[in-house]
Structure formats: structure tokens, C-alpha cells
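Quick notes on the structure that follows.
The values are calculated or read from the model by the stated rules, or taken from the named source; none is laboratory data. Quick caveat, the model's predicted, so the values are computed rather than measured. Cβ: placed from backbone, ideal geometry, glycine included. Neighbour counts: every protein chain shown.
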Amino acid sequence: MPVPVPRQRVNTPSNAVVAENAGNTDLTLLVIEDDPAGTFTVPELIDASGTRVRIRTARNLTGAERLLTDDVHCVLVDLALPAPQADRPHADVPPGTPPGSLPDAPYGDRLATLRHVLRLAPRHAVLALATSGEPELAAEAVRAGAQDHLFREELDGPLLIRAIRYAVERKRADSVQVKLAESRLRAQENARLERGLLPTPLLQGSDLRFAARYRPGRSRALLGGDFYDTVRTPDGTVHAMIGDVCGHGPDEAALGVELRIAWRALTFAGLCGDELLSTLQQVLEHERENEEIFATLCTVDIAPDGRRAGLCLAGHPSPLIARQGRAAQLLPYEDGGPALGLLPRARWPRRQVELGGSWSLMMYTDGLIEGRSAGPGSPRLGQDGMVEMVNRQLAQGLGGEELLEAAVAEVRELNGGELTDDVAVLLLARDRAPAGRR
């Protein structure tokens with residue numbers, strides 16, 4: 001015979017206990033067991049610390065479904081309960097089959113009721129109630145998903161309350177771990193996706209050196225609203241572009257990727273200058289969420305001999321060029337057009353610029369120049385401050401990756417902390433051509 005939980009009189013605790021446990025959370029236990037003697041004979045239990053456990057009892061799974069509400073913290077399942085019809089072992093055995101002619105059900109079948117409850121209450125802590133003569137079955141119940149098991153013969157009020165509290169905390173910790181694991185997986189998937197969307201320059205056959213630095217403004221992001229790309233077309237021309245979608249969220253990052261991919265496709269299709277930017281504006285107008293979204297853009301197409309380039313500006317800062325033996329300076333920017341998405345029939349003239357034999361061309365987004373030059377409350381760095389900074393770094397012998405790394409690091413230091421805007425910087429450089437190729 002099952003040993004009942006000793007009847008516990010519900011006493012009103014003293015004022016001292018009430019005050020001490022005013023912050024305690026009461027617990028609700030749903031007991032699912034079919035014991036004619038009534039194992040659980042009181043509506044609630046209170047332990048020495050003042051923790052109160054309200055008890056609800058269901059004699060079968062149908063009744064348990066009605067009583068399983070959100071305020072239930074823990075479910076105690078009697079493993080002796082018959083399995084639901086659909087889960088019963090040998091449920092397809094014809095009526096009249098002689099008793100004893102079927103093998104004993106394995107643990108997996110005897111745990112059918114427990115498994116049904118686990119499916120029914122995935123967010124609740126679950127305890128398994130077994131007899132002391134079946135320790136292996138009790139252990140199997142925990143492996144199946146129960147937070148703990150109790151033996152009926154050893155059960156008393158304090159033990160039950162302690163088991164409930166531990167089970168609830170264990171379930172809560174398990175849920176937190178599951179959420180952390182899911183969050184980590186989502187973050188890894190997002191990182192893989194964003195990393196796959198970052199550009200891979202296509203410069204095979206070119207003698208130009210390429211370097212880039214990218215720092216999104218969004219916390220823990222790999223991709224922001226800034227975008228850039230560099231490709232070499234079959235005629236030997238190297239095309240480079242850099243742009244900035246207004247805003248800093250994932251939607252802006254997605255739009256930036258769309259514009260970059262569209263630019264690459266249009267470039268390989270032979271478009272350049274005003275025709276290319278007009279088509280990109282159409283892409284922006286179709287893909288943006290509202291008419292207030294716009295994007296700035298700078299495109300450069302460098303002739304196969306590396307000495308000349310075409311420049312188009314769409315509301316974007318002009319590139320910085322450093323020629324051998326001369327201080328770095330901004331390329332002309334007086335003939336630029338408006339940002340993409342601002343004027344329906346805008347035009348973007350293409351300006352021819354002389355690069356020379358040996359040069360470095362730095363293209364950047366405004367995140368590099370809009371940071372403070374000496375901490376909060378100070379003026380922005382601006383293009384003039386950036387030119388001065390880069391000239392100082394060039395005088396120190398920096399170039400390529402080191403130059404971009406130093407520029408981004410110094411801008412951040414001058415700002416007094418992390419930059420709030422996305423930052424993209426790319427560098428194309430050409431050494432003086434060997435004799436006979438000038």
C-alpha cells in the first residue's frame with residue numbers, strides 16, 4: 001500500500017514568520033495520481049521557512065489538462081498511472097488475449113504517462129513519483145525529462161516542498177540555458193550570414209594594392225548601412241565604390257547589400273557614371289521602406305594604365321589622394337550630385353582626374369569624419385582634420401592596412417570612445433610603374 005503524505009495542519013504563521021517571508025513566492029503543485037486512499041489530503045503545505053505550496057489533485061490526465069494553468073509551478077506524476085490509450089504498450093492487442101501472454105513493458109512504455117505530461121507541460125517543472133522498489137524506473141524518468149523523482153514510501157511534507165523548490169529552480173535554469181543556446185546559435189547564424197554578405201574584391205590581373213576596414217555602428221553587428229566594393233572589368237578598368245545608407249539598423253544594412261550587389265552587376269554589364277547611378281537610384285526607390293531613406297555614394301573608375309580615373313559623387317565625401325612626394329589632399333568635389341533617393345531626375349556628372357604614376361587613394365564614409373575631434377562637446381573632426389591626421393600618419397611611414405587601422409583607431413580615440421556611426425574605409429594604391437610602362 002502506498003504510504004500517504006502525513007496530514008499537515010495548516011496553521012497561521014506568526015507575524016514574525018510572515019514578515020520574514022513577505023517576499024517569498026508561493027508555489028502551486030499539480031498532483032496527478034490515482035490513489036483511492038488519497039495520498040495528498042491537505043490543500044496546502046507550509047515548511048519551516050514559511051514557503052507555502054498549494055496542492056491541486058487530478059485523478060487522470062483529462063482532469064490534469066483542466067487544472068494545468070499558468071500559475072502551476074510543478075507537476076507531480078505518479079508513474080503507476082495507466083498510460084493514455086494512444087500511448088499504451090500493446091494497445092493494438094485484440095481483446096481476450098490471455099493475461100501473461102505479453103512481455104513486460106520496457107521503461108519507455110511504462111513512462112508513457114510521464115512523456116504525455118512532459119508534452120502537455122513543456123514549461124513546467126515535473127517530478128516523478130515511484131515506489132522504492134523501482135529505483136531504475138525512477139532514474140529512467142529523470143533521463144526522460146523529469147527534473148527529479150520521489151519515492152512514495154519516503155515522502156513527507158518537508159521533503160516534498162524541498163523537491164518542488166529544487167525542481168522549479170532546475171527547470172528555470174534549464175530554460176535559461178536553452179534560451180542562451182538558441183541565442184548563441186542565432187548569433188552564429190547571423191554572423192555567418194553577415195560575413196557572407198561582406199564584399200570580396202575582384203582584382204585579378206590588376207597591379208593595384210587593396211585594403212579595407214569596416215566597423216558597423218550597431219552593437220555586436222558585422223554589417224551596417226555602409227557598403228563598398230571593388231572589381232576589375234575585362235577591359236582592365238578597376239571600379240571602386242563606397243556608400244552609406246542613412247540609418248544604422250538591420251534594414252539599412254540589408255539595403256546597403258542590395259545596392260552593392262546591384263552596383264557590381266551593373267558595372268560588369270558595362271554601365272558607368274550617370275547611367276549607373278540613375279539605375280541604382282531606381283533600385284533604391286523600389287527597395288526602400290519609405291521615401292525618406294536615401295544613400296550617398298562615391299564611385300571611381302581607374303583606367304587600365306592606372307594614371308587616370310573618373311569620379312562620381314552622389315552626396316558623398318570626396319576621396320583622399322596621396323601622390324608620391326606630395327601631401328595628401330581631397331579630390332575635386334564641386335561637381336557632385338545629390339544623394340540617391342532625394343531627387344527623382346537627378347544627374348551625376350563624371351569628372352576626369354589625373355592620378356599620376358604612384359599614388360594611394362582612400363575612400364571613406366562620413367563615420368570617419370563625423371566623430372568629435374577631442375571628446376564630447378568638441379567640434380567634429382571633419383574632412384580637414386582627417387586630411388591633417390592622414391598626412392601625419394603617412395609621414396610616419398604608414399600605408400595600406402596599417403594606415404587604415406591607425407586612422408580608424410585615432411578617430412575613435414579623438415572621439416573619446418566608440419563611434420556611433422558605421423565606418424567603412426578602403427584604400428587603392430599603385431606603385432610607380434617600371435620603366436617602359438609609364
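Laid out as a table, the results:
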{"item": "In the stretch 311-324, the residues that are in contact with a Gly (Cβ under 8 Å, 6 or more places away or on another chain) and not in a loop (DSSP other than H, G, I, E, B)", "result": "Cys312, Leu313, Ala314, Gly315, Arg323"}
{"item": "Leading residue by the ranking (nearest to Thr69 (Cα to Cα)) among those in the stretch 86-119 that are at pLDDT below 90 and aliphatic (A, V, I, L, M)", "result": "Ala86"}
{"item": "Single residue of Ala130, Ala163, Ala141, Ala112 found to be crowded, with 17+ Cβ neighbours inside 10 Å and under 21 Å from Arg54 (Cα atoms)", "result": "Ala163"}
{"item": "Search result, residues across the stretch 256-271 that are over 17 Å from Leu202 (Cα atoms) and touching an Asp or Glu at 6+ places or on another chain (Cβ under 6 Å)", "result": "Glu258"}
{"item": "Answer from Arg232, Arg209 - the residue that is surrounded by fewer than 18 Cβ atoms within 10 Å (Cβ to Cβ), modelled with pLDDT of 95 or more and among the charged types (D, E, K, R)", "result": "Arg209"}
{"item": "Residues that are farther than 20 Å from Val178 by Cα, in contact with a Leu (Cβ under 8 Å, 6 or more places away or on another chain) and part of a helix (DSSP H, G or I), drawn from the stretch 127-145", "result": "Leu137, Ala138, Glu140, Ala141"}
{"item": "Within the stretch 391-406, tally of residues that are among the small types (Gly, Ala, Ser), within 15 Å of Leu428 (Cα to Cα) and assigned to a helix (DSSP H, G or I)", "result": "1"}
{"item": "Qualifying position, being surrounded by fewer than 19 Cβ atoms within 10 Å (Cβ to Cβ), modelled with pLDDT under 95 and more than 35 Å from the chain's Cα centre (by Cα), among Gly377, Gly397", "result": "Gly397"}
{"item": "Every residue from the stretch 273-295 that is surrounded by fewer than 19 Cβ atoms within 10 Å (Cβ to Cβ) and either aromatic (Phe, Trp, Tyr) or in contact with a strand residue (DSSP E or B) (Cβ under 6 Å, 6 or more places away or on another chain) (or both)", "result": "Gly273"}
{"item": "Counted residues, the stretch 146-160 - those being in a helix (DSSP H, G or I) and surrounded by 18 or more Cβ atoms within 10 Å (Cβ to Cβ)", "result": "2"}
{"item": "Pairs where the first residue, in the stretch 286-304, is touching a residue at least 40 places away in the same chain (Cβ under 8 Å) and within 17 Å of Trp263 (Cβ to Cβ) and the second is outside any loop (DSSP other than H, G, I, E, B) and charged (D, E, K, R), C-beta under 6 Å, 6+ apart", "result": "Thr296/Asp244"}
{"item": "All positions within the stretch 301-310 that are surrounded by fewer than 22 Cβ atoms within 10 Å (Cβ to Cβ) and in a strand (DSSP E or B)", "result": "Asp301, Arg308, Gly310"}
{"item": "Matching residues, the stretch 134-161, being free of Cβ contacts under 8 Å to residues at least 12 places away in the same chain and small (Gly, Ala, Ser)", "result": "Ala139"}
{"item": "Residue within the stretch 339-354 that is over 30 Å from Glu289 (Cα atoms) and part of a loop (DSSP other than H, G, I, E, B) present", "result": "no"}
{"item": "Residues within the stretch 238-250 that are assigned to a helix (DSSP H, G or I) and either exposed (fewer than 15 other Cβ atoms within 10 Å of the Cβ) or at pLDDT 95 or above (or both), tallied", "result": "0"}
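Here's the yes/no breakdown for (1) modelled with pLDDT under 95; (2) among the small types (Gly, Ala, Ser); (3) outside the structural domain of Arg264 (by TED's automatic domain parsing); (4) touching a helix residue (DSSP H, G or I) at 6+ places or on another chain (Cβ under 6 Å):
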position: Glu292; (1), (2), (3), (4): yes, no, no, no
position: Gly310; (1), (2), (3), (4): no, yes, no, no
position: Ser318; (1), (2), (3), (4): no, yes, no, no
position: Gly325; (1), (2), (3), (4): yes, yes, no, no
position: Tyr333; (1), (2), (3), (4): yes, no, no, no
position: Gly336; (1), (2), (3), (4): yes, yes, no, no
position: Gly341; (1), (2), (3), (4): no, yes, no, yes
position: Gly356; (1), (2), (3), (4): yes, yes, no, no
